[in-house]
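Chemist: My questions will all concern the structure given below.
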2 protein chains.
Amino acid sequence: MIETVQDLQDMARGAVLLGTGGGGDPYVGELFVSEQIKRGKLPKVVSPESLDDDAFVLSIAGIGAPTVIVEQLVSEKTLLRLLARAEAFYGRRVDALISAEIGGANSVFPLALSAISGVPVVDADGIGRAVPQLEMTTFSIYGIKATPCLLMDDVGNVVVVDAVNDRTAEDLCRSVVTAMGSMAFSAIYPMSGRQVRECAVLGSLTLSQGIGRAIRVGRDRADGDPFASLLAYLRQQDGRVARILFDGKVTDVLHETRDGWHFGLVTLQDLRDDKDQFTIEIRNEFIVARHNGEPATMVPDLISVLDRESAEPLTGEMLTYGQRVKVLGFAADPMLRRPESLEVLGPRLFGIDSDFIPIEDLAAKIEAADMVSAH
Amino acid sequence: MIETVQDLQDMARGAVLLGTGGGGDPYVGELFVSEQIKRGKLPKVVSPESLDDDAFVLSIAGIGAPTVIVEQLVSEKTLLRLLARAEAFYGRRVDALISAEIGGANSVFPLALSAISGVPVVDADGIGRAVPQLEMTTFSIYGIKATPCLLMDDVGNVVVVDAVNDRTAEDLCRSVVTAMGSMAFSAIYPMSGRQVRECAVLGSLTLSQGIGRAIRVGRDRADGDPFASLLAYLRQQDGRVARILFDGKVTDVLHETRDGWHFGLVTLQDLRDDKDQFTIEIRNEFIVARHNGEPATMVPDLISVLDRESAEPLTGEMLTYGQRVKVLGFAADPMLRRPESLEVLGPRLFGIDSDFIPIEDLAAKIEAADMVSAH
């Protein structure tokens with residue numbers, strides 16, 4: 001699945017889109033894996049179906065401030081040491097790795113460890129996008145405990161957290177990571193092969209790579225419209241809705257880091273400078289997009305901002321005044337829209353005073369309003 | 001050594017004095033152990049000499065904000081669960097418990113666990129007073145590592161910290177404890193019987209109990225002067241200097257909690273209301289006492305504030321306007337005054353711009369100045 005640097009670049013590009021503004025830029029991890037590929041050390045990806053029921057599968061994830069994750073060099077020594085400590089701690093050989101979240105930097109860390117250790121990565125993840133807290137995973141929602149987990153920093157401090165529930169695990173891990181300098185690697189969510197099939201979002205590496213490839217192929221075509229190619233690909237996924245929510249330029253970006261969170265507000269305007277206004281609220285990820293005040297897409301559905309010409313997906317930190325962009329809305333994986341999932345990662349968990357409304361319903365509402373105002 | 005409630009009360013009273021304003025009031029823990037004693041479950045104290053060289057000895061300590069430690073009820077279940085988890089983690093039966101610091105609440109937690117588990121407590125501790133940080137112990141100074149250690153809260157969250165050094169262990173543990181609600185019990189500083197004899201402050205339970213007894217006996221005598229009795233007892237300890245630094249009333253108390261620390265400044269005046277001014281700076285513990293601006297005692301020597309009549313030792317939090325008190329200065333255990341100790345717990349570590357000057361030298365200076373001013 002990942003045999004060339006281009007395969008990896010496609011996947012990383014898709015991971016930024018699925019990162020929905022957050023999750024950390026996979027760029028540094030991507031460079032690390034590219035180096036391994038050039039040396040002939042390929043990360044190995046296996047399908048969820050290929051796992052034995054009692055295979056031992058473990059997530060390897062960076063935890064910390066996205067800004068710090070981006071700057072962090074991936075240390076071969078730290079990753080291998082974490083794997084060795086994890087195997088000693090759990091008393092089992094790790095049969096496969098799994099990404100906790102496919103969106104952002106955590107898409108590539110398991111691949112990095114796979115390339116240097118030979119342990120394969122399962123084509124699946126815990127959320128199908130990026131999320132700000134470690135308990136916000138389908139693993140946790142469907143009964144896999146995040147802990148006992150290991151946290152390790154680059155100087156070799158190791159902390160094992162065994163929490164009574166995953167919400168508390170998040171608080172404990174976050175505190176430890178802050179003391180470790182705002183970035184640590186974790187070995188987390190120990191699970192069986194059967195649990196992967198039951199609780200993970202399946203095929204997420206394939207999706208991520210497909211997204212990146214659709215954008216690249218669209219650009220390279222004679223009639224090159226990467227957006228047409230991207231939307232066509234996205235719409236093949238389980239009938240999930242994908243639409244361009246807005247086409248315009250960034251007129252304002254507010255960033256604030258508070259209590260370990262990245263808050264922000266992006267304001268966009270139409271290129272014709274008419275009265276149309278579009279905003280995107282950030283809480284680590286893009287959580288709600290509003291068109292003239294009316295919600296157009298909300299978490300857990302995905303909001304992504306892409307360069308208007310190249311369709312390169314952008315993280316929240318990359319956005320600056322004057323940038324010309326298109327905003328994409330993309331229905332979340334169906335697992336994330338179930339009632340039990342919305343209890344853990346619905347809009348109210350992000351401080352939004354609304355129940356979840358799917359992008360397709362919001363689109364229908366907006367179209368109806370447009371028809372009324374056209375009269 | 002502790003056979004009656006009075007024995008325990010003597011020890012706890014002495015522990016407040018050795019707590020030098022901080023360390024948390026042992027009162028709640030004392031109540032718990034009193035209950036055990038009344039039921040015939042006595043804590044067992046053994047001498048350091050009685051330990052086998054390879055006996056496995058472990059500290060049981062509360063870590064957290066002193067104000068929270070004071071309010072925390074001691075849970076029999078939590079203490080026993082911590083012991084069981086620690087034995088499973090280290091893979092050894094615990095042969096004896098040791099107090100990490102004899103000053104304050106951490107004097108009684110090992111006794112509490114001893115009473116309910118039958119595991120004896122060694123007559124020794126890691127500092128001979130109270131200190132604000134977990135790496136400030138003679139254990140650490142003389143080569144015993146604080147970690148791997150276990151932290152456990154009352155709801156059953158468990159965190160294992162394995163740090164590259166004890167300074168980092170302090171940061172990691174402090175962060176975890178904050179996330180646990182500002183109070184946790186720890187199983188920390190695993191050591192051998194031989195290490196106890198080489199690295200601990202010896203006889204600290206005896207000292208603590210002796211202090212409390214001297215105060216009580218002094219009060220009860222016909223010519224009752226608890227201070228005379230107390231000073232006589234203290235001066236028997238290795239020739240350590242003990243003196244009353246000031247006799248007056250509290251005219252001002254500032255308390256501030258910042259970054260998890262308790263900062264404060266106590267101002268006292270002479271009872272005759274003359275121009276004499278006396279201040280005590282608090283950083284969790286009393287760290288420097290100044291008479292008209294000139295240092296009279298500084299950390300690691302001990303500063304204690306006692307009720308002017310009953311000689312009851314008072315914690316920093318107990319001090320209020322108008323209280324009539326005497327301030328005691330007491331030379332630290334000789335181990336704490338060695339150069340290697342002062343590097344870890346000398347005045348500069350507390351933000352004081354001075355090398356350590358022993359109480360006896362400061363006293364000589366003050367007396368010389370008094371003789372000059374009397375001319």
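Chemist: Residues of segment A:2-23 being β-branched (Val, Ile, Thr) and over 8 Å from the mean Cα position of the chain (by Cα), which ones? Before the answer, list the steps.
Modeler: Filtering segment A:2-23 down to residues β-branched (Val, Ile, Thr) leaves A:2, A:4-5, A:16, A:20.
Selection gives A:Ile2, A:Thr4, A:Val5.
Chemist: Cβ-Cβ distance below 9 Å, separation of 6 or more or different chains: which pairs start in segment A:309-322 with a residue that is in contact (Cβ under 8 Å) with a residue 24 or more places away in the chain and end on one that is assigned to a helix (DSSP H, G or I) and polar (S, T, N, Q)?
Modeler: A:Ala311/A:Ser229; A:Glu317/A:Thr67
Chemist: Could you tell me whether A:Leu207 is under 15 Å from the mean Cα position of the chain (by Cα), within 14 Å of another protein chain (Cβ to nearest Cβ) and closer than 24 Å to A:Phe286 by Cβ? Give the steps one after another, and end with the answer.
Modeler: Numbers: under 15 Å from the mean Cα position of the chain (by Cα): yes; within 14 Å of another protein chain (Cβ to nearest Cβ): no; closer than 24 Å to A:Phe286 by Cβ: yes.
Answer is no for this residue.
Chemist: Do we find a residue being touching an Asp or Glu at 6+ places or on another chain (Cβ under 6 Å) and among the basic types (Lys, Arg) anywhere in segment A:335-348? Spell out how you get there, then give the answer.
Modeler: In the first step, residues of segment A:335-348 are kept if they are touching an Asp or Glu at 6+ places or on another chain (Cβ under 6 Å); the result is none.
Taking every residue of segment A:335-348 in turn, none turns out to be touching an Asp or Glu at 6+ places or on another chain (Cβ under 6 Å) and among the basic types (Lys, Arg).
Chemist: To continue, here is another question. What number of residues in segment A:179-200 are at the interface with another protein chain (Cβ under 9 Å from one of its Cβ atoms) and over 23 Å from B:Asp154 (Cβ atoms)? Please lay out each step first, then the result.
Modeler: Narrowing segment A:179-200 to residues at the interface with another protein chain (Cβ under 9 Å from one of its Cβ atoms): A:179-180.
Among the residues that remain, those that are also over 23 Å from B:Asp154 (Cβ atoms) are: A:180.
Result for segment A:179-200: 1.
Chemist: So the check is Cβ under 6 Å with 6+ separation or different chains; which pairs have a first residue in segment B:151-162 that's under 13 Å from A:Leu172 (Cα atoms) and a second one that's part of a strand (DSSP E or B) and among the hydroxyl-bearing types (Ser, Thr, Tyr)?
Modeler: The qualifying pairs are B:Leu151/B:Ser186.
Chemist: Follow-up. Taking segment B:1-59, which residues are of a type in the set (D, E, K, R) and assigned to a loop (DSSP other than H, G, I, E, B)?
Modeler: Within segment B:1-59, the first condition is being of a type in the set (D, E, K, R), and the residues that meet it are B:3, B:7, B:10, B:13, B:25, B:30, B:35, B:38-39, B:41, B:44, B:49, B:52-54.
Within segment B:1-59, B:Glu3, B:Asp25, B:Arg39, B:Lys41, B:Lys44, B:Asp52, B:Asp53, B:Asp54 meet the criteria.
Chemist: Which of the residues belonging to segment B:151-178 are within 7 Å of chain A (Cβ to nearest Cβ) and not β-branched (Val, Ile, Thr)? If you could, list the steps in order and put the result at the bottom.
Modeler: As a first pass, look at segment B:151-178 and keep what is within 7 Å of chain A (Cβ to nearest Cβ): B:155-164, B:168, B:171-172, B:175-176, B:178.
Passing the criteria: B:Gly156, B:Asn157, B:Asp162, B:Ala163, B:Asp171, B:Leu172, B:Ser175.
Per-residue answers, yes or no, for (1) under 15 Å from A:Ile282 (Cα atoms); (2) at pLDDT 95 or above; (3) in a loop (DSSP other than H, G, I, E, B):
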site: A:Gly329; (1), (2), (3): yes, yes, no
site: A:Leu342; (1), (2), (3): no, yes, no
site: A:Ala363; (1), (2), (3): no, no, no
site: A:Val372; (1), (2), (3): no, no, no
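Chemist: Limited to segment B:257-294, what total is found for residues that are within 21 Å of B:Leu134 (Cβ to Cβ), of a type in the set (Lys, Arg) and out of contact with any strand residue (DSSP E or B) (no Cβ under 7 Å at 6 or more places or on another chain)?
Modeler: 1
Chemist: With respect to B:Arg213, is the statement that it is assigned to a loop (DSSP other than H, G, I, E, B), within 22 Å of the chain's Cα centre (by Cα) and either over 25 Å from B:Arg13 (Cα atoms) or away from every other protein chain (no Cβ under 14 Å) (or both) true? Quick ask: steps written out before the conclusion?
Modeler: Working: assigned to a loop (DSSP other than H, G, I, E, B): no; within 22 Å of the chain's Cα centre (by Cα): yes; either over 25 Å from B:Arg13 (Cα atoms) or away from every other protein chain (no Cβ under 14 Å) (or both): yes.
It is false that B:Arg213 is assigned to a loop (DSSP other than H, G, I, E, B), within 22 Å of the chain's Cα centre (by Cα) and either over 25 Å from B:Arg13 (Cα atoms) or away from every other protein chain (no Cβ under 14 Å) (or both).
Chemist: Only one of these conditions is not met by A:Ala222: (1) part of a helix (DSSP H, G or I); (2) of a type in the set (Gly, Ala, Ser); (3) outside the structural domain of A:Phe56 (by TED's automatic domain parsing); (4) at pLDDT below 95. Which number is it?
Modeler: Unmet for A:Ala222, out of (1) part of a helix (DSSP H, G or I); (2) of a type in the set (Gly, Ala, Ser); (3) outside the structural domain of A:Phe56 (by TED's automatic domain parsing); (4) at pLDDT below 95: (1).
Chemist: Within segment B:327-336, can one find any residue that is more than 16 Å from B:Asp247 (Cβ to Cβ), of a type in the set (Gly, Ala, Ser) and crowded, with 16+ Cβ neighbours inside 10 Å?
Modeler: yes
The values are calculated or read from the model by the stated rules, or taken from the named source; none is laboratory data. Given the structure is predicted, the values throughout are model-derived calculations rather than measurements. So basically every Cβ, Gly included, is an ideal-geometry build from the backbone, and we count neighbours across all protein chains shown.
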